[in-house]
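Q: Below you will find the structure I want to go over with you.
The values are calculated or read from the model by the stated rules, or taken from the named source; none is laboratory data. Owing to the predicted nature of the structure, the values given are computational and were not obtained by experimental measurement. Reconstructed Cβ throughout: ideal geometry from the backbone, glycine too, with neighbour counts over all protein chains shown. The accessibility values were calculated without ligands, DNA or RNA, using every heavy atom of the protein model including side chains. Shrake-Rupley method; radii C 1.70, N 1.55, O 1.52, S 1.80 Å.
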Amino acid sequence: MIAKTPEPPYYAVIFTTIRTTIDEGYIETAKKMEALAEKQQGYLGIESAREEVGITVSYWSSLEAIVNWKNNIEHTIARNKGRALWYQEYQLRISKVERDYGFVKK
């Protein structure tokens, strides 16, 4: 599903990953982190796709909201577990969205 974001400006956190072959607890933790992120002040939405490279984009109202999410203790525990078990490699990018537009077929 495509996230319904407000009028810009807002921020996008782009999390690109290459997974290891270890799946133990990954799906459960990913669902838990998505539910937890939804409760964070400044959270606007999320989109995710996975093939050989996984890409998750979360949307936030401010840089402060992103830092608060990064510093959330449960998120920190999951991030450390990801480094130890689930990710061979990842890259995180933070971008300011200054313009957006779309199309919906009716």
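Residue-by-condition table, conditions (1) within 17 Å of Tyr87 (Cβ to Cβ); (2) surrounded by 17 or more Cβ atoms within 10 Å (Cβ to Cβ):
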| site | (1), (2) |
| --- | --- |
| Lys4 | no, no |
| Ala12 | no, yes |
| Thr16 | yes, no |
| Arg19 | yes, yes |
| Lys32 | yes, no |
| Glu38 | no, no |
| Leu44 | no, yes |
| Glu52 | yes, no |
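Q: Of all residues in the range 24-46, which are in contact with a Ser or Thr (Cβ under 7 Å, 6 or more places away or on another chain) and assigned to a strand (DSSP E or B)? It would help to see each step written out before you state the result.
A: To start, the set of residues in the range 24-46 that are in contact with a Ser or Thr (Cβ under 7 Å, 6 or more places away or on another chain) comprises 37, 42, 44-46.
Selection gives Leu44, Gly45, Ile46.
Q: Restricting the search to the range 25-80, which residues are more than 15 Å from Ala12 (Cβ to Cβ), among the hydroxyl-bearing types (Ser, Thr, Tyr) and in contact with a strand residue (DSSP E or B) (Cβ under 9 Å, 6 or more places away or on another chain)?
A: The one that is more than 15 Å from Ala12 (Cβ to Cβ), among the hydroxyl-bearing types (Ser, Thr, Tyr) and in contact with a strand residue (DSSP E or B) (Cβ under 9 Å, 6 or more places away or on another chain): Tyr26.
Q: Taking the range 67-94 on its own, how many of its residues are closer than 20 Å to Glu38 by Cα, without any contact (Cβ under 8 Å) to a residue 40 or more places away in the chain, part of a helix (DSSP H, G or I) and open to solvent by 40 Å² or more (accessible area, probe 1.4 Å)?
A: 6
Q: For the structure I just gave you, tell me whether Glu64 is part of a helix (DSSP H, G or I) and surrounded by 11 or more Cβ atoms within 10 Å (Cβ to Cβ).
A: Judged against the criteria, Glu64 is a match.
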